[in-house]
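*Asks:* For reference, the structure I am asking about is given below.
The values are calculated or read from the model by the stated rules, or taken from the named source; none is laboratory data. Bear in mind the structure is a predicted one, so any value in this text is a computation, not a measurement. Heads up, the Cβs are rebuilt from the backbone with ideal geometry, glycines too, and the neighbour counts pull from every protein chain shown. Accessible surface is based on the protein model in full, side chains and every heavy atom, while ligands, DNA and RNA are left aside. Shrake-Rupley method; radii C 1.70, N 1.55, O 1.52, S 1.80 Å.
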Amino acid sequence: MSTAELYGRTLHTPGTSPAPTARQVAIDLVGTVLRRKRPLDDAIEDNPVMADLSARDRAFARLLVATVLRRLGQIDTLIGECLNTPLAPRAAIIHDVLRLGIAQLLFLRTPPHAAVATSVDLAHVRGFLSHKGLVNAVLRRLSVEGPGRLEAQDAARLNTPHWLWQSWSRAYGEDVARAIALAHLKEAPLDLTLRSEDDPAPGESWCDRLQATKLPTGSLRRVAGGSVVALPGYAEGAWWIQDAAASLPVRLFNGVAGRAVVDLCAAPGGKTAQLANAGARVTAIDRSSRRLDRLVANLSRLGLNVSAMAADALTWRPDEPVDAVLLDAPCTATGAIRRHPDVPHLKQPEDVARLAVVQENLLRAAVEMLRPGGTLVYCTCSLEPEEGPGRVASLLRSGAPVEHRPIDPAEIGAPAEWVTPEGDLRTLPYHLAEYDGVDGFYAARLVKLGSP
């Protein structure tokens, strides 16, 4: 069945209020992200109409918005080429209508008649009757010319903000920057971490039950889409969602069974679950009570016990020094753009500088929590050097009582190219390309000086 057949025009009886459609919700979400600068996940959670949609329509609304955000540079270039004069600011919604229509026409393979008709309907529903002809004309033109125009575009460059392109080119070289940008154009698959490696039943494997592939890192990978809660093993807590790259930092502790571990900035809790599942005595700290509630609920589903506390890691301290600290620091999340396509439209260079200060302060706090000989693992899902190796180098230069402990790729089951010459973990979104990539992640291991 085609996308258009699944999500065609919504018909209603004259004089009645039409039920909200996925496209109507999507246009609100696009505006919330691009003009109000709200994260997409927050926009979805706070949208009062989203819950009224069926599960299928909710998924379609998110897919529509995510496609617009991933391809915004290309889409807006096409709009500009089709308009003699830019749309007035008061017609910003029409700009969004065109964006949704083009996303359907050229990237979601919606048949032209459905993409055009539903977009004209949107303009009508939102009260822009005088713009219906423009919407119709632009989309009909692009239904013919669009594929050829796309072929002439530099997708990697157009969809990447200039400052990010410059940052990645300086850090990794332009060829790698291009590979990163192209990897971000794909929707991220669903990665799962198993609570136990034991098969669910004789003659059956979790890969079979979940229709998943086992990655070289040990994670299970499924194609994105569908209801997560309906998957085998969800209700009994057999696994949790966690990108393959995000599962690696915990392995840098080389065993945590019976040890006291503080997990700073712990939500949403994938690494917390890893630590608890490995037998650590975990204290999970996060500033957000709402995010911490989700962590506790997920750990409860998994049958894992941790001590969770809503607190500011900059001022909170454990009752006594601990054996290990995991600091997954707040960052710009530029390594997770596949999962969060709103990031390039929300973050700016000043965010890197601002968060670098937060990360530096959190690193110092984490060092204070450790006993001598204890291990600190610092990680971020950022591609920006200032949020990764830059912070570790700064900490070491400051004379903090820690030493850098290089990583051997074999100890975490990672390819050699994932470990930098300095001995830190650095994954890039195009790594594991044969399996559709991974998140961009950085991690370093430090050991506190002094006798245990």
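*Asks:* Given the conditions (1) under 30 Å from H162 (Cα atoms); (2) open to solvent by less than 50 Å² (accessible area, probe 1.4 Å), and given that A212 satisfies all but one, which numbered condition is not satisfied?
*Replies:* Going through the list (1) under 30 Å from H162 (Cα atoms); (2) open to solvent by less than 50 Å² (accessible area, probe 1.4 Å), A212 breaks only (1).
*Asks:* Here is a further query. Consider the stretch 370-407. How many of its residues are hydrophobic (A, V, I, L, M, F, W, C) and assigned to a helix (DSSP H, G or I)?
*Replies:* 4
*Asks:* Can you name every one of the helices (runs of 4 or more DSSP H) wholly within the stretch 47-103 that holds 3 or more residues which are under 22 Å from the mean Cα position of the chain (by Cα) and within 21 Å of V116 (Cβ to Cβ)?
*Replies:* Result: 55-70, 72-82.
*Asks:* For the stretch 125-183, which positions are in contact (Cβ under 8 Å) with a residue 40 or more places away in the chain and not in a helix (DSSP H, G or I)?
*Replies:* Within the stretch 125-183, R126, Q153, N159, T160, P161 qualify.
*Asks:* Here is a further query. Of the conditions (1) in a loop (DSSP other than H, G, I, E, B); (2) open to solvent by 30 Å² or more (accessible area, probe 1.4 Å), G237 fails just one. Which one is it?
*Replies:* Of everything listed in (1) in a loop (DSSP other than H, G, I, E, B); (2) open to solvent by 30 Å² or more (accessible area, probe 1.4 Å), G237 misses just condition (2).
*Asks:* Scan the stretch 192-207 for residues that are part of a loop (DSSP other than H, G, I, E, B), open to solvent by 50 Å² or more (accessible area, probe 1.4 Å) and free of Cβ contacts under 8 Å to residues at least 24 places away in the same chain and jot them down.
*Replies:* Those that are part of a loop (DSSP other than H, G, I, E, B), open to solvent by 50 Å² or more (accessible area, probe 1.4 Å) and free of Cβ contacts under 8 Å to residues at least 24 places away in the same chain: E197, D198, D199, P202, G203.
*Asks:* Still on this structure: Quickly run through the stretch 415-436 and pick out the residues that are farther than 19 Å from A336 by Cα and surrounded by 15 or more Cβ atoms within 10 Å (Cβ to Cβ).
*Replies:* T420
*Asks:* Give all pairs with beta carbons closer than 6 Å in which a residue from the stretch 392-407 that is under 17 Å from N254 (Cβ atoms) meets a residue that is in a helix (DSSP H, G or I) and open to solvent by less than 60 Å² (accessible area, probe 1.4 Å); count only pairs at least 6 apart in sequence or on separate chains.
*Replies:* V402/V367
*Asks:* Determine the pairs where a residue that is at positive phi, located within the stretch 413-434, has a partner that is among the hydroxyl-bearing types (S, T, Y) with Cβ atoms under 9 Å apart, the partner being 6 or more residues away or on another chain.
*Replies:* From residues that are at positive phi, the pairs are G413/T217; L432/T217.
*Asks:* What number of residues in the stretch 378-419 are farther than 18 Å from A246 by Cβ and hydroxyl-bearing (S, T, Y)?
*Replies:* 2
*Asks:* Residues being outside any loop (DSSP other than H, G, I, E, B) and either aromatic (F, W, Y) or out of contact with any Leu (no Cβ under 8 Å at 6 or more places or on another chain) (or both): count how many of those fall in the stretch 423-450.
*Replies:* Final tally of qualifying residues: 6.
*Asks:* Hey, can you tell me all the residues within the stretch 250-271 that are in a loop (DSSP other than H, G, I, E, B), in contact (Cβ under 8 Å) with a residue 24 or more places away in the chain and out of contact with any Ser or Thr (no Cβ under 7 Å at 6 or more places or on another chain)?
*Replies:* Answer for the stretch 250-271, where residues must be in a loop (DSSP other than H, G, I, E, B), in contact (Cβ under 8 Å) with a residue 24 or more places away in the chain and out of contact with any Ser or Thr (no Cβ under 7 Å at 6 or more places or on another chain): N254, V256, R259, C265, P268, G269.
*Asks:* Does the stretch 323-347 hold any residues that are of a type in the set (K, R) and farther than 15 Å from W165 by Cα, and which are they?
*Replies:* Hits for the stretch 323-347 are R338, R339.
*Asks:* Considering only residues that are assigned to a helix (DSSP H, G or I) and free of Cβ contacts under 8 Å to residues at least 24 places away in the same chain, look in the stretch 272-295 and name the one that is surrounded by the fewest Cβ atoms within 10 Å (Cβ to Cβ). Give the steps one after another, and end with the answer.
*Replies:* Keep residues of the stretch 272-295 that are assigned to a helix (DSSP H, G or I), which gives 272-277, 289-295.
Pick out the ones that are also free of Cβ contacts under 8 Å to residues at least 24 places away in the same chain and you get 289-290, 293.
Details: S289: 12, R290: 10, D293: 14.
Looking at the filtered set, the residue picked out is R290.
*Asks:* Sticking with this one: Would you confirm, using the coordinates I've provided, whether V116 is crowded, with 17+ Cβ neighbours inside 10 Å, touching a residue at least 24 places away in the same chain (Cβ under 8 Å), in a helix (DSSP H, G or I) and of a type outside the set (G, A, S)?
*Replies:* In short, yes.
*Asks:* Restrict the check to the stretch 354-369 and report whether at least one residue is open to solvent by 50 Å² or more (accessible area, probe 1.4 Å), more than 17 Å from L314 (Cα to Cα) and either out of contact with any Asp or Glu (no Cβ under 6 Å at 6 or more places or on another chain) or in a loop (DSSP other than H, G, I, E, B) (or both).
*Replies:* No, there is no match, as no residue in the stretch 354-369 is open to solvent by 50 Å² or more (accessible area, probe 1.4 Å), more than 17 Å from L314 (Cα to Cα) and either out of contact with any Asp or Glu (no Cβ under 6 Å at 6 or more places or on another chain) or in a loop (DSSP other than H, G, I, E, B) (or both).
*Asks:* List the residue pairs whose Cβ atoms are under 8 Å apart, where the first residue sits in the stretch 320-346 and is within 20 Å of V65 (Cβ to Cβ) and open to solvent by 10 Å² or more (accessible area, probe 1.4 Å), the second is outside any helix (DSSP H, G or I) and among the acidic types (D, E), and the two are 6 or more positions apart or on different chains.
*Replies:* That search, which allows pairs on different chains as well, returns R339/D243; R339/D439.
*Asks:* Go through (1) part of a helix (DSSP H, G or I); (2) open to solvent by less than 70 Å² (accessible area, probe 1.4 Å); (3) out of contact with any strand residue (DSSP E or B) (no Cβ under 8 Å at 6 or more places or on another chain) one by one and return the number of the condition A410 breaks.
*Replies:* Unmet for A410, out of (1) part of a helix (DSSP H, G or I); (2) open to solvent by less than 70 Å² (accessible area, probe 1.4 Å); (3) out of contact with any strand residue (DSSP E or B) (no Cβ under 8 Å at 6 or more places or on another chain): (2).
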